[in-house]
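The values are calculated or read from the model by the stated rules, or taken from the named source; none is laboratory data. All of these numbers come straight from a predicted model, not from anything done at the bench. Every residue, glycine among them, receives a Cβ derived from its backbone with ideal geometry; neighbour counts consider all protein chains shown. Ligands, DNA and RNA are stripped out before the accessible areas are found, and what is left, the full protein with its side chains, is counted by its heavy atoms. Shrake-Rupley method; radii C 1.70, N 1.55, O 1.52, S 1.80 Å.
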Amino acid sequence: MPLRLVAPEWSLLVPPLIVLGTIVLLLAIDAVSERTARRFALPLALAGQLLALGSLASIDWGQGATTFGVSYRADWFALVVSLIALVAGILSVLVSAGYTESGLEPGVGLAEYLALLLFSVLGTMVVGAAGDFLVLLLGLEMSAVAVYALTAFARRRLTSVEGALKYFLLGAFASAILIYGMAWIYGLTGSIKLSDIAYTLRTVVIPGQPVDPALLLALLLLAVGLGFKIAAVPFHMWTPDAYQGAPTPVSAYMSVVPKVAGFAAVARILVQGLQPLSDQWAGLLALLALVTMVYGNVVAIAQRDLKRMLGYSAIGHTGYMLAGLAAFTTGLAGDRSVGSVLFYLFAYTFMNIGAFGVIAWLQERGLGTTLDDVAGLAGRAPLAALTMAIFMLSLMGMPPLLGFYAKYYVILALIEAGQLWLAVAIVVMSAVSASFYLRVITQMYFQEPGGTWRPVRTPLLGLGLAVMAAATLALGLVSGPILELAQRWPAALT
Amino acid sequence: MERTVDWLVVIPLAPLLAAIANFLFGKWWIRDRAHWLAVPAVGFSFLASVAAAWTVLGHHQLLRQPLYTWISAGEFQVPVELVIDELTAIMLLVVTGVSFLVHVYSIGYMHHDPGYYRFFAWLPLFVFSMVMLVLASNFLVLFVFWEAVGLCSYLLIGFWFRRRSAAEAAKKAFVVNRIGDFGFALGIMLLFTKVGTLEYQAVFEAIPRLSSGTVTTIALLLFTGAIGKSAQLPLFVWLPDAMEGPTPVSALIHAATMVTAGIFMVARAHPIFLASPLALWIVAVIGALTSFVAATIATTQFDIKRVVAYSTVSQLGYMALALGVGAWIPAIFHLFTHAFFKALLFLGSGAVMHAMHDELDMRRMGGLKRWMPLTYWTLVIGAAANAGIAPLAGFWSKDEILVSAWVGGAPLLALLGLAAAFFTALYMFRAVFLTFHGQPRFDPHQLHPHDPPATMAVPLVVLAIGAATTGFLGVPPEAGWIHHALEPVFESAAHHEVTLSLTLGLAIASTLVAFAGLWIAYAAYVRGTLSPAAVAARLGPFYRLAANGWYFDFIYQRYVVRPLDAAATWLWRSVDVGIIDGAVNGSARIVASTAQLWRRLQTGLVANYALMIALGTVVLVGAYLVFGSTLFR
Amino acid sequence: MSELSATHFLLLSAALFIIGMVGVLTRRNVLVIFMCIELMLNAVNVSLIGFAWELHQLTGQVFALFVIAIAAAEAVVGLGIVMALTRRADTVDIDELRQLRE
Amino acid sequence: MSLQVLIFSLLAGVSILGALGVVIARNPVHSAIGLVLSFLNVAAIYLIARAEFLAVVQVIVYAGAVIVLVVFVTMLVHPDDLPEFHGRRPLRVATGLLLGGALLLEVAAAILTRNLSGVPGPWTDQTISLIGGNTRALGQTLYSDYMLAIQLTALLLLAATIGAIVLARPEAVSERVMAARRTLTISLAHPRGLDQPELPPALPLPPDGQVKPAGGGRSIVLARSASEFTEQPAWGEWRTP
């Protein structure tokens, strides 16, 4: 049997290759001189990601073309995941920019920092386009490994290292479980290609009948591993610690992109590969969704540290998104479940990175991250307070902000799938979440300011915050096309 | 006849882009070059509007551009679509044209302001919102931009937010508008539940199927929105306070955007109002009362901008009166002419303020004619147009409204309007005489009043020409150009036969009344044969009533704001401090204590976190193996 | 069970995986926990090889190869974090790292 | 019981013993030795399953490189203190064992009742020997079907290396100096923070009583002790007192 070397379709890989090129350039200029790196790293990272974002338009995603066998799929799902990852990457770079601008950053390691960030974006894009377990796993790991290192980036501070260590140990533990599940699926179906797995399972699984225990074991091992990645209860416990410990721009980043990678993996593995088992996993996801949203939103009430509070609130949002996935029904032609989750992730990108961005903005002005630190912010910095208020209200799900539409589409998907109880749970939990989101606003607007205030100029961070606030305000009005794009997934995954 | 085109979007897009650019880059990069973007953008928008109006009005052809689907949720589809019919075309011309002039004027007026870029970010945003409001093809989009207009006005009235009064005025405008908007939103919701759609055309076709009670409720709720936005009785109180904003903003709010939105909306929804005689009657009464009340208040004011502001309220009352008696075309005609002379009056008083170093009190002016001839003559034209002196713009449109009211079965309201016309002439010329005639009541050695620079003067002249001539678009009455232009929109409206003698008679009457007002003003403030103080004393309570704005503000303050304030404070104390903060402190509230309990799970020990993961795995796998697999079957 | 079958491999794999897991759950030294995770990954490889052997495929072996690579990558970053930790805190006892909690 | 099963059981037994050694040994170095033992036996088991290349990789990469790395770090970290904190958490150990036992039962049940098997492939012993052995067959598969995975692995290792370098490299003097210069102007002479008057001054103010701001948006934070002077804030953040 001769060696079959088939030239891949490189044109499908242009966006990730641009990101990779940016990484290489970043490392190259860092090698040339540290001063050059300090000056050009940020613009380079921004430009590279913007270019990659633009290059998304160069591919005809509608064809669902594959390359490297079927390992890499350029379909609608991949497009939306890449889009969200790149937007989140760009916004995170803007949020990180504050550090260099305010003069707080030691100036060392900026290029490495950005390179790691881009590696994680790259990994997420790969997960979105993965056609087999191996590529998916490597993408997930690339995304995770880079974020482990980023979490510890403030290594002079012990909490940063502590958060990173917890994240890493548990992440590696969960990865082992995930890979074990993959190994089982491989053994039971004889393939690691998602399409083949779905094909084989369809011949084995009879709807409504109990299935082979080994298959269930495999499914649950996968669910646990993936549940960790997206921070679903009870696999969530790393989240608040890692978010609180990490440097704030990294918290902003890691609250979104690894979650995007996780949900992309969930969609690829469960919805595409294990679709014949949807009777089994849909119920599991619904259960996890309920537990997750209740836990996250309730415990967030008891927090005084904003980063930690946002960590718990992120768990709550995971619950909402899981609920959207639990609305999956094979019978429905216009199934909205994955589409609603993709839209939710898109909306979540702006409001959550924005909320962390405001905290970073405050830190650069010498404040801490607790509720007391935002007291009286409205008097000190009315625009920052307004921006934060917008993010908080949007996270709460206040119409007509972006967050409202996100929840609305998830609820719609649930109602159409007949899962009324989860829809009700989302509404109730949104009401609960109001208490801690509104508390931030109360603090900002009705309390007297305290602490030191150090005026610095952070134009790029300000620009990023303005963009995110504007998007949170206005994107709801143009949610139609984005939702339409997100709803094209069935062509990709089924 | 309608045509789908793809260039309509530039009309709103140009100002929007300018606004975004100025907002994003204004502070660091654009700074005092902000007008380089904003002014051409709005000008471009105006040119595009002219092009659109040319097609629409010239060929009676509907222009349409679908943009995208905003909400797509099963059956409920809300497309965002730009539609231009004759009514929209006229509105577009007014909005973009006047806005353009105001933008040009602002270059000079706002020069040196530290928030220059901010001003030129909000101003085009305002124009964008208003243009979108006018271009909307359904009630939901209309509502969204209705709100956006409110937000922009808030930003602009409170532009000098460091000044307490400005911040207060902005808040007042926002809150009062919110009351009206609440009714408006209710109306739209009711409409949707009854009709199932919000597209204009579909709604209007469905109206005959509804019961008269429903239609009346919907119409009145919609009109509540107009009461707020177009400053009708009893919600007009925000408009005079809105003078705290920079003068170009006042001009924009009063002449082109914002207040005309209410009138436009009622005209747009005229099939709904036509189906409810009761609602129409209420509109007419409120309109007539507003015009009279505001005119009397204006007569007693000394702040030049407030005089003009109350005059706006009064003129809006005329428009509402016209809407109420079913005179749709005269209402829009008056809106059209009013835009010119009101913008002129505001920009003129802005020029006076500019020259007088922000002095607003007319008692400290006088004799300015000598130093500011250009301002004087343009303002006289504006005042005369406002007062309804033939043959200037205001005369034709106002006269037509009075005639329509008379034949429309409301002669009493027409008489009220006539009385208001008397006061209009009185307060307008009172203002002109106090400002420009007589001896200077300030120290001319310290202040050196002068005509404004070219960027401010040119808009004044252009508007003065408009104020003088646009009335002829409606000549002859009932058959002028504007009547033919708007005919197709209001086809369904009934027509009353008007006799020539009636038209002539009312024209003569209103001219006489106007000259009477002018003469009294002349006697009192130029010749001095009539003492205003003596007249005020003789009128006693009536004077005080007018001077205090008919006590509307007082009543609101005492019976609405203060109780609400107390309630809010109580709510804040008990709910926020008691419950929400209490929750944090671990009080006995269930959720809070659950939160406190559950947070203990997070021990900070990695091993426990890993145990949790393992526990979850074991429990889930076990449960699934037992209940879901073939293991025990 | 008289002939060697994939079941043998799977049982060995399960045993190693769970020993590793118990190690992660009970040990306090970061480095030992780390070794236990390596043990778990190695156990997964045993499963993969067993399956590949049963199915007459090479895919399982390829997968195992990549799992080794992933384990190496995780080792590199993990040890980097441990280095940063010892430089700052002078301990590798995870029970002492609980500034972040509740 | 065939010979093959016997050999397998022997190797598996030693491998499990090694694994137990990892978990039980007090000294991490002993744990590492247990790990190597387990890995080597697993490598031998791979040979039974005709995965010769994997066996070699297992020995070289796993038992070789990774373990050396682990031991290396173990040695770097105060080797004397290491065993001290072993044990002392009986509840946790009990729970861990319980959970482990339960999961073992579940997995074993799944393994033993499994009657599902995947679609077999073409690589029987004959085809492999036809193509020239396991390594060659693996190489061909790897470089035809899994090209993307290989390239991604390279990137993954690159990312991991960058991360490790960033985290593990010592703080250069220039880094500390730059942190100090760019963030704060610290003086030993004055009480920390002029804006916190409640702190009693540790040292008298300079004669003119004035501290000049350093300009350029930098603020002055005054150190109370020498350790505060040397410890600059972490990357982009102020130390919370």
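Angle check, please: helix A:14-32 long axis (alpha carbons) against the longest principal axis of chain A (alpha carbons), in degrees 0 to 90, nearest 10.
The angle comes out at about 40 degrees.
Put one equal scatterer on each alpha carbon of the protein assembly as shown, apply the Debye formula with no solvent term, and list log10 I(q)/I(0) at q = 0.04 1/Å to two decimals.
Ignoring solvent entirely, the Cα scatterers give -0.32.
How would you order A:229-241, B:476-488 from highest to lowest mean count of nearby Cβ atoms within 10 Å?
So the peptides A:229-241, B:476-488, ranked by packing, come out A:229-241, B:476-488.
Taking amide H positions as placed in the peptide plane 1.01 Å from N, state which residues far from B:GLY438 in sequence (5 or more) or on other chains have amide H under 5 Å from it.
Distant-sequence amide H within range of B:GLY438: B:GLY367.
Quick one: 3J(HN,Hα) in Hz for the stretch B:368-381, Karplus 6.51/-1.76/1.60 with θ = phi - 60°, rounded, Gly and Pro as x.
Calculated HN-Hα couplings, in order: 6, 3, 4, 8, 10, x, 5, 4, 4, 5, 5, 5, 4, 4 Hz.
Springs between alpha-carbon atoms under 10 Å, Gaussian network over chain C: tell me which of C:MET83, C:MET35, C:MET21 tops the mean-square fluctuations.
C:MET83
Nearest 10 degrees, 0 to 90: what angle lies between the long axis of helix B:454-469 and the longest principal axis of chain B (Cα atoms)?
70
Could you tell me the distance between the Cα centroids of the stretch A:236-264 and the stretch A:469-486, to the nearest Å?
Comparing the Cα centres of the stretch A:236-264 and the stretch A:469-486, I get a distance of 24 Å.
Compare the peptides B:338-345, A:454-461 by average per-residue count of other Cβ atoms within 10 angstrom and give them in order, highest first.
Values: B:338-345: 30.9, A:454-461: 17.2.
So the peptides B:338-345, A:454-461, ranked by packing, come out B:338-345, A:454-461.
To the nearest 0.05, what FRET efficiency results for B:ARG562 and B:THR55 with a Förster distance of 51 Å applied to their C-beta separation?
0.40
Can I get the semi-axes of chain A's equivalent ellipsoid? Compute them from the C-alpha gyration tensor as square roots of 5 times the eigenvalues, in angstrom, largest first. Intermediate results must be reported in sequence, preceding the final value.
Working: eigenvalues 244, 146, 78 Å².
Semi-axes (√(5λ), whole Å): 35, 27, 20.
Roughly speaking, what is the centre-to-centre gap between the stretch A:300-355 and the stretch A:37-101 when only Cα atoms are used, to the nearest Å?
21
Once you have the alpha carbon radius of gyration of the stretch A:53-171, what is it after dividing by 2.2 N^0.38 Å, with N set to its residue count?
Cα Rg divided by the expected 2.2 N^0.38 Å: 1.22.
Can you give me the % of accessible surface on the stretch A:11-493 that is carbon or sulfur? Probe 1.4 Å, all protein chains present, nothing else counted.
Heavy-atom surface of the stretch A:11-493 belonging to carbon and sulfur, 1.4 Å probe: 68 percent.
Amide H of B:VAL80 versus every other amide H placed in the peptide plane: which residues, excluding those fewer than 5 positions away on the same chain, fall under 5 Å?
B:LEU67, B:TYR68, B:THR69, B:TRP70
Mind checking the angle between helix B:590-599 and chain B's longest principal axis? C-alpha axes, 0 to 90 degrees, to the nearest 10.
In chain B, helix B:590-599 runs at an angle near 50 degrees to the longest axis.
Evaluate E = 1/(1 + (r/R0)^6) for A:GLN209 and A:VAL428, where r is the Cβ-Cβ distance and R0 equals 41 Å; express this FRET efficiency to the nearest 0.05.
Taking R0 as 41 Å, the efficiency between A:GLN209 and A:VAL428 is 0.70.
Once you have the Kirkwood Rh of the stretch D:1-85 from its Cα pairs, apply Stokes-Einstein at 37 °C and 0.692 mPa s and quote D in µm²/s.
Using the Kirkwood radius from Cα pairs, D works out to 240 µm²/s.
Going by a ≥ b ≥ c, the root eigenvalues of the Cα gyration tensor, does the stretch C:6-94 fall in the rounded group (a/c under 1.5), the prolate group (a/b larger than b/c) or the oblate group?
On the way: a/c = 7.26, a/b = 1.96, b/c = 3.70.
Note, shape of the stretch C:6-94 comes out oblate.
Please report the accessible area of B:PHE204 (heavy atoms, 1.4 Å probe, ligands and nucleic acids excluded) in Å², nearest 10.
40
Quick one: ranking A:ILE185, A:ILE482 by accessible area, 1.4 Å probe, largest first, what do you get?
Output order, biggest surface exposure first: A:ILE482, A:ILE185.
Residue by residue through the stretch B:518-531, what is 3J(HN,Hα) from phi via Karplus (6.51 cos²θ - 1.76 cosθ + 1.60, θ = phi - 60°)? Round to whole Hz and write x for glycine and proline.
4, 5, 4, 4, 4, 4, 7, 10, 10, 7, x, 7, 10, 8
Please compute the volume of the convex hull spanned by the alpha-carbon atoms of the stretch B:1-137 and report it per residue in Å³.
In the stretch B:1-137, the Cα hull volume divided by residue count equals 102 Å³.
Step through the residues of the stretch A:222-233 one at a time and calculate ³J(HN,Hα) from phi using the Karplus curve (6.51 cos²θ - 1.76 cosθ + 1.60, θ = phi - 60°), rounding each to whole Hz and writing x for Gly and Pro.
The phi angles translate into 4, 4, 5, x, 6, x, 5, 4, 8, 6, 9, 5 Hz.
Which stretch or stretches of the stretch A:185-210 have amide N atoms under 16 Å from the point lying 7 Å from A:LEU287's Cα along the Cα→Cβ direction?
Counting only backbone N, you get A:210.
Amide H neighbours of B:LEU62 under 5 Å, counting only residues 5+ apart in sequence or on other chains, H built in-plane at 1.01 Å?
Those qualifying (amide H under 5 Å, at least 5 residues apart or on another chain) are B:GLU2, B:ARG3.
Mind ordering B:411-420, D:114-123, B:133-142 by average Cβ neighbours within 10 Å, highest first?
Highest to lowest by the protection proxy: B:133-142, B:411-420, D:114-123.
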